[in-house]
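Comments concern the structure below.
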Amino acid sequence: MSLRILRKASQTQNAKQLSSSFSKFTRSFSQLSSQSKPPSFGIAFDIDGVVLRSEAPIGRSPQVLRRLYDHSGNLSIPYVFLTNGGGFTESKRALELSELLGVKISPLQVLQGHTPFKQLVNRFENELIVAVGKGEPAAVMSEYGFKNVLSIDDYASCFENIDPLAPYKKWTTKQVKEVAARDLVSSQRVQAAFIVSDSVDWSRDIQVLCDIFRTGGLPGREIGHQPPLYFAHDDLAYQAAFPTERFGMGAFRIALESIFNRIHPHALEYTTFGKPNPFVFKNAELVLKQLVSALHDNLQVANQANAGSYQFKTLYMIGDNPSVDINGARQAGHPWFSILTRTGVFKGKENHAEFPADLVVNTVEEAVDFVLRKECIS
């Protein structure tokens with residue numbers, strides 16, 4: 001499926017969702033700093049490898065972010081977190097980030113890899129769908145408006161012996177909830193699968209997903225047409241607490257695709273979201289425009305059409321992954337300016353050869369120093 005077609009079909013719903021989120025934002029940030037002149041720039045921060053490593057702040061990120069607020073703690077410079085990570089609702093992630101970084105962050109400022117899944121609610125609202133990944137993937141999809149969603153943990157529990165290795169997985173500690181109408185679930189076809197965040201159990205998840213896709217949504221039955229598959233992003237690797245990067249959702253996609261294509265006559269079909277897709281950067285720009293209107297008490301600018309009339313001179317993408325953060329900003333074009341840090345996936349002395357950034361710095365602190373200096377803000 002083309003993301004361009006998907007974006008066009010869901011434009012109206014996306015505008016309504018942004019307007020709703022904006023209204024909640026203006027209520028929660030009722031004391032936003034009001035300036036005489038709107039800022040001509042905004043900032044998008046990646047999270048892992050830029051402001052956090054696992055749950056530990058890096059690059060003096062708490063102190064850095066406080067510079068984007070006034071002396072009363074009110075937001076003065078519009079910024080968002082633009083991450084391919086996820087697994088929790090935007091509201092829960094915003095609360096977690098607020099605690100870790102010591103500043104007040106609104107759910108509207110958290111754009112995760114799976115955030116665009118909201119646009120598919122009209123298509124699958126009442127259909128049975130399966131959500132895969134760490135954290136709370138089913139809760140994420142439910143908050144978006146999907147009414148018949150099961151995590152892959154709960155879905156697999158409806159099929160006896162679907163995972164032949166289950167008895168040997170002594171490390172499994174998560175309690176699977178009791179699924180109502182278990183017999184009904186095991187006889188109802190899955191209409192779509194969403195990879196919301198990184199798979200925790202690759203062997204089980206690949207097995208169950210292959211069962212779903214090759215049978216038209218009903219494991220154990222005859223071969224059927226593959227239901228739609230959506231990935232929140234396609235990152236091959238990311239920076240976690242370990243010194244070198246770890247395999248991400250893109251690696252899981254490669255494994256799933258390779259196995260499925262060996263056992264099925266037709267190649268696996270799927271749609272990926274997340275950075276570096278330019279659509280994600282366009283959506284971030286729209287959210288940043290919503291923040292500008294809040295900063296200046298112009299609450300009438302609360303929809304996609306009106307917000308589009310305001311134009312930024314520069315939007316800064318601060319990331320650590322050349323193939324994702326920098327590549328995405330480059331594809332998005334004006335007004336994006338890419339800044340690459342050395343605190344995550346990228347650790348090179350020189351600029352990245354294939355996806356060179358507009359600027360390379362050591363830390364997020366150096367990045368924000370540059371931005372504020374360039375924008376003549378102390």
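Considering only Cα-Cα distances, which of the following residue pairs are longer than 18 Å: Lys313/Lys374; Lys37/Lys313; Lys104/Lys275?
Where the Cα-Cα span goes over 18 Å, the pairs concerned are Lys104/Lys275.
Under a Cβ-Cβ cut-off of 12 Å, what is the net charge of the residues other than Ala44 that fall near it, where Lys and Arg count +1 and Asp and Glu count -1?
-1
Could you order peptides 203-210, 95-102 by the average number of other Cβ atoms within 10 Å of their residues, highest first?
The peptides rank, most packed first, as 203-210, 95-102.
Add +1 for every Lys or Arg and -1 for every Asp or Glu among the other residues with Cβ under 13 Å from the Cβ of Val190, and state the total.
That sum, taken over residues with Cβ under 13 Å, equals 0.
Please list, in order, the residues from region 187-206 whose amide nitrogen is less than 13 Å from a point placed 7 Å along the Cα→Cβ vector of His264.
In region 187-206, the label zone of His264 (backbone N under 13 Å from the point 7 Å along Cα→Cβ) covers 190-194, 206.
Show me the ranking of peptides 313-320, 248-255 by mean Cβ neighbours inside 10 Å, starting with the highest.
So the order, starting with the most tightly packed, is 313-320, 248-255.
Per residue of region 219-234, in order, report the coupling 6.51 cos²θ - 1.76 cosθ + 1.60 (Karplus, θ = phi - 60°) as ³J(HN,Hα) in whole Hz, putting x for Gly and Pro.
x, x, 9, 5, 4, x, 6, 5, x, x, 10, 10, 10, 5, 6, 9
Local charge sum around Gln112 (other residues, Cβ-Cβ under 10 Å, Lys/Arg +1, Asp/Glu -1)?
0
Using amide H atoms built in the peptide plane, which far-off residues or other-chain residues are under 5 Å from Phe231 H to H?
Ile195, Thr271, Thr272, Phe273
Taking the alpha-carbon centroid of each part, what is the distance from region 110-171 to region 327-342 in angstrom?
Computed from Cα coordinates, the inter-centre distance equals 32 Å.
Given a Förster radius of 30 Å and the C-beta distance between Arg60 and Lys313 as r, what FRET efficiency does 1/(1 + (r/R0)^6) yield to the nearest 0.05?
Efficiency, from the Cβ-Cβ distance: 0.65.
Ranking request for peptides 365-372, 350-357: highest mean number of other beta-carbon atoms within 10 Å first, then the rest in descending order. Numbers along the way, then the final one.
On the way: 365-372: 19.9, 350-357: 14.2.
The most tightly packed comes first, giving 365-372, 350-357.
Just need the Rg to Rh number for region 115-272, please, alpha carbons only, Kirkwood Rh.
Using only Cα positions, Rg/Rh for region 115-272 is 0.94.
Throughout, read-outs are computed from the coordinates displayed, never taken from laboratory work. These figures come from a predicted structure and were not determined experimentally. Cβ coordinates were reconstructed from backbone atoms using ideal geometry, including for glycine residues, and neighbour counts include every protein chain displayed.
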